[in-house]
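Working notes, beginning with the structure itself.
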Amino acid sequence: MVMVKATAATYEWLHQEFTDGVGDTWLCVCFVQDVPPDEALRRIGVVAGSPLEGFGVAAYRARGGTALVEYGWGAIVHDRAGLLSEGSAAAAVCVTIKGAHFTFHKNGDLLTTFSLYSYRYREGAEPDRLEADVTDLGLHIRGDEPGFADNPAAAALALAERATGVRFSPAAYRRTALAGSTEHLHPYV
């Protein structure tokens, strides 16, 4: 069976789910390879079933692992991707009006991180590890090219899938997720 690589179109549904009527996106998602939802929540200090009074994380079982979707503005799943990647791999995408970032960790090590608007300033132990996929997805805009990637949020989500092998589908999103509050975590406390 031939696997089709994820594209921006693969994740346009998720991008639209977290974009409001005026075009502002508030999306923070992390794909974690081969880690079940309850373990992913435990690794970042979220107690499954704790009351969601405003800010929280939902952990969905996805093909190849878990997709963590954050509700709030704290970027908990993005900032804790290193913890999520212990013995595994984790790729996080965080897009808000404050910025748009991608990060990829493996076994607790930061391999690459960059702004979706300035790939050339990437950092990490292996900053070029995903460069072929970044280019294929249209996220690699050189300094001499005008403008930005057409749909950086959806393309970054496709990159997260390519990096981790975790496929998060609309059907998986519609299933009941394990969820818990993040109000006890920085920056909420």
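For region 69-84, name all the residues that are closer than 19 Å to residue 173 by Cβ and out of contact with any His (no Cβ under 9 Å at 6 or more places or on another chain).
Answer for region 69-84, where residues must be closer than 19 Å to residue 173 by Cβ and out of contact with any His (no Cβ under 9 Å at 6 or more places or on another chain): 69, 71, 72, 77.
Which one of the conditions (1) over 19 Å from residue 28 (Cα atoms); (2) in contact with a strand residue (DSSP E or B) (Cβ under 8 Å, 6 or more places away or on another chain); (3) at pLDDT below 95 does residue 144 fail to meet, given that it meets all the rest?
(2)
Which of the residues spanning region 99-123 are touching a strand residue (DSSP E or B) at 6+ places or on another chain (Cβ under 7 Å), of a type outside the set (A, V, I, L, M) and crowded, with 17+ Cβ neighbours inside 10 Å?
Within region 99-123, 101, 102, 103, 104, 105, 106, 112, 113, 114, 122 meet the criteria.
On the given criteria, is residue 66 crowded, with 18+ Cβ neighbours inside 10 Å and more than 16 Å from residue 168 (Cβ to Cβ)?
The answer is no for residue 66.
Inspect region 12-21 for any residue being in a strand (DSSP E or B), touching a strand residue (DSSP E or B) at 6+ places or on another chain (Cβ under 7 Å) and open to solvent by 10 Å² or more (accessible area, probe 1.4 Å) and give the result as yes or no. Walk me through how you get there before you give the answer.
In the first step, residues of region 12-21 are kept if they are in a strand (DSSP E or B); the result is 19.
Narrowing the set further to residues that are touching a strand residue (DSSP E or B) at 6+ places or on another chain (Cβ under 7 Å) leaves 19.
Checking which are open to solvent by 10 Å² or more (accessible area, probe 1.4 Å) leaves us with 19.
Yes: region 12-21 contains one or more residues that are in a strand (DSSP E or B), touching a strand residue (DSSP E or B) at 6+ places or on another chain (Cβ under 7 Å) and open to solvent by 10 Å² or more (accessible area, probe 1.4 Å).
Kindly evaluate residue 47 against the criterion of being within 18 Å of residue 137 (Cβ to Cβ), aliphatic (A, V, I, L, M), open to solvent by 50 Å² or more (accessible area, probe 1.4 Å) and at pLDDT below 95.
No; evaluated as a whole, the condition is false for this residue.
Which of the residues that make up region 81-98 are within 22 Å of residue 15 (Cβ to Cβ) and either in contact with an Asp or Glu (Cβ under 6 Å, 6 or more places away or on another chain) or open to solvent by 10 Å² or more (accessible area, probe 1.4 Å) (or both)?
94, 95, 96, 97, 98
Taking region 86-121, which residues are assigned to a loop (DSSP other than H, G, I, E, B) and within 14 Å of the chain's Cα centre (by Cα)? If you could, list the steps in order and put the result at the bottom.
Residues of region 86-121 assigned to a loop (DSSP other than H, G, I, E, B): 86-88, 97-98, 107-108, 116-117.
Across region 86-121, the qualifying residue is only 116.
Name the residue, out of 68, 83, that is part of a helix (DSSP H, G or I) and either at pLDDT 95 or above or within 15 Å of residue 35 (Cβ to Cβ) (or both).
Just one listed residue meets the conditions, 83.
For region 23-44, give me the residue count where each residue is over 14 Å from residue 96 (Cβ atoms) and either under 14 Å from the mean Cα position of the chain (by Cα) or open to solvent by 70 Å² or more (accessible area, probe 1.4 Å) (or both). It would help to see each step written out before you state the result.
The first filter runs over region 23-44 and keeps only residues over 14 Å from residue 96 (Cβ atoms), leaving 30-44.
Okay, now just the ones that are also either under 14 Å from the mean Cα position of the chain (by Cα) or open to solvent by 70 Å² or more (accessible area, probe 1.4 Å) (or both), so 30-34, 38, 40, 42.
Selection size over region 23-44: 8.
The values are calculated or read from the model by the stated rules, or taken from the named source; none is laboratory data. Predicted model, so just to flag it, every value in this text is computed and none were measured. We place every Cβ from the backbone using ideal geometry, glycine too, and count neighbours over all the protein chains shown. For the accessible areas, the whole protein counts, side chains as well, though only heavy atoms, and no ligand, DNA or RNA atoms are used. Shrake-Rupley method; radii C 1.70, N 1.55, O 1.52, S 1.80 Å.
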